[in-house]
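Structure record follows, encoded as structure tokens.
The values are calculated or read from the model by the stated rules, or taken from the named source; none is laboratory data. The structure presented is a predicted model; accordingly, all values stated were derived computationally and were not measured. Cβ placement follows ideal geometry from the backbone for every residue including glycine, while neighbour counts extend to all protein chains displayed. We work out accessible area using only protein heavy atoms, side chains counted, and drop any ligands, DNA or RNA first. Shrake-Rupley method; radii C 1.70, N 1.55, O 1.52, S 1.80 Å.
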Amino acid sequence: MPELPEVETVRSGLEPHMVGQVIDYIALRRPNLRYPFPAQFEQTLLGAEIKHIGRRAKYLLCHITTAQNDDLVWITHLGMTGRFTIYNDAPNTPGRFHNQIEPRETHEHVVLSLRNDIQITYCDPRRFGFMHLIPEEDISKYPAFVTMGPEPTQPIDVAGLSQRLSHRSCPIKSALLDQSVLAGLGNIYVCEALFRSGISPKTRANKISKQRLARLSAAIEAVIAEAILAGGSTLRDFRASDGELGYFQHQFDVYDRANEACSRATCQGIVKRIVQSGRSSFYCGTCQK
Ligand SMILES: [Zn+2]
């Protein structure tokens with residue numbers, strides 16, 4: 001499941017190919033993903049110019065100006081299995097923009113062709129992803145963004161975080177998965193950040209000192225930044241091949257390592273797995289208090 005670093009990797013991979021380009025062709029291969037595609041989706045995107053590709057949490061925000069001169073945001077959420085692929089081997093055949101482009105693989109639900117002869121496809125086997133179109137001025141009113149907390153790719157304000165946790169007596173693990181506390185944090189990176197900061201996932205969110213929250217904030221920033229960097233390097237390796245923007249494998253310290261020895265050199269602990277709010281938590285019971 002793509003988490004924030006993967007989505008940022010996809011964003012930065014699409015950006016150089018898409019920004020400044022015009023969408024010359026678009027085809028939808030089905031009427032819906034998790035939700036139906038917006039009404040007039042193809043007609044709106046056809047001829048649109050791509051101004052900028054941003055991100056908020058795990059949402060890709062493609063800012064476009066349409067043929068009608070509207071400033072819109074094409075929002076994509078990748079769900080569990082959503083994936084964009086860039087193809088720069090499209091045959092430059094006259095009239096190809098008017099003909100159906102054949103699917104290159106199964107579950108390829110959206111295909112775009114840009115004026116620079118790049119083709120971009122969106123595949124999503126499980127179809128938990130979705131796409132929306134909203135006016136640019138309404139972006140802050142988009143339901144998912146109204147109560148969303150700050151981005152962990154920006155320096156985290158510890159006082160603000162402490163404030164948001166002050167009325168939460170649930171375990172810190174569950175609190176950090178709440179998008180109004182911090183945006184875009186998923187299960188993997190929460191487990192890793194708690195390990196690095198030596199905090200048990202079972203600790204009550206409102207019982208953690210400011211000093212420990214400062215350590216946790218620094219760990220969250222570092223874990224996310226490192227994962228984005230790892231994605232960037234994977235992308236460079238990919239560029240020679242088929243341009244697929246995807247999900248790289250990391251070495252995790254605790255995530256998915258139940259019953260293995262703690263990776264902290266000075267610790268003799270064993271990584272445990274427990275279930276909190278229906279999700280697996282991995283942690284070392286010896287060095288995480
Ligand atoms: Zn340990």
Self-check item: Order by protection proxy (mean Cβ within 10 Å, highest first), peptides 260-272, 7-19
Solution: 7-19, 260-272
Self-check item: Relative intensity, log₁₀ I(q)/I(0), of the range 4-139 from a Debye sum that treats every alpha carbon as a point, q = 0.14, 0.18 Å⁻¹
Solution: -0.59, -1.03
Quiz item: Once both labels are modelled 7 Å past Cα along the beta-carbon direction, what's the N206-N32 spacing in nm?
Solution: 4.0
Quiz item: Roughly what angle does helix 210-238 make with the longest principal axis of the chain, taking Cα atoms, 0 to 90 degrees, to the nearest 10?
Solution: 40
Self-check item: With every protein chain in place, the chain: carbon and sulfur % of accessible area (1.4 Å)
Solution: 50
Exercise. Set the Förster radius R0 to 51 Å, insert the Cβ-Cβ distance between T106 and D157 as r into 1/(1 + (r/R0)^6), and round the FRET efficiency to 0.05.
Key: 0.65
Quiz item: Accessible area per residue of the range 82-198 at 1.4 Å probe, in Å²?
Solution: 44
Quiz item: Counting only residues 5 or more places away or on other chains, whose amide H sits under 5 Å from the amide H of C284 once H atoms are built in the peptide plane?
Solution: K272
Practice problem: With N denoting the number of residues in the chain, provide Rg(C-alpha) divided by 2.2 N^0.38 Å, to two decimal places. | Solution: 1.11
Quiz item: For helix 4-18, what angle does its Cα long axis make with the longest principal axis of the chain, in degrees from 0 to 90 and rounded to 10?
Solution: 20
Quiz item: Is it possible to state the helix-based mean residue ellipticity at 222 nm for the chain, with each DSSP H run of 4+ residues giving -39500 (n - 2.57), the sum divided by total residues, to the nearest 500 deg cm²/dmol? What is it?
Solution: -8000 deg cm²/dmol
Quiz prompt | Filter on K141/K173; K58/K272; K207/K289; K58/K202 - keep pairs with C-alpha separation over 23 Å | solution = K141/K173; K58/K272; K58/K202
Quiz prompt | C-alpha long axis of helix 187-196 to longest principal axis of the chain, angle in ° | solution = 40
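Let me spell out the model: positive unit charges on the Cβ of Lys and Arg, negative unit charges on the Cβ of Asp and Glu, origin at the Cα centre of the chain. What dipole size does that give, in debye rounded to 20?
Here the size comes out at about 1720 debye.
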Quiz item: With r defined as the distance between the Cβ atoms of T147 and E226 and R0 fixed at 30 Å, what FRET efficiency is calculated, to the nearest 0.05?
Solution: 0.60
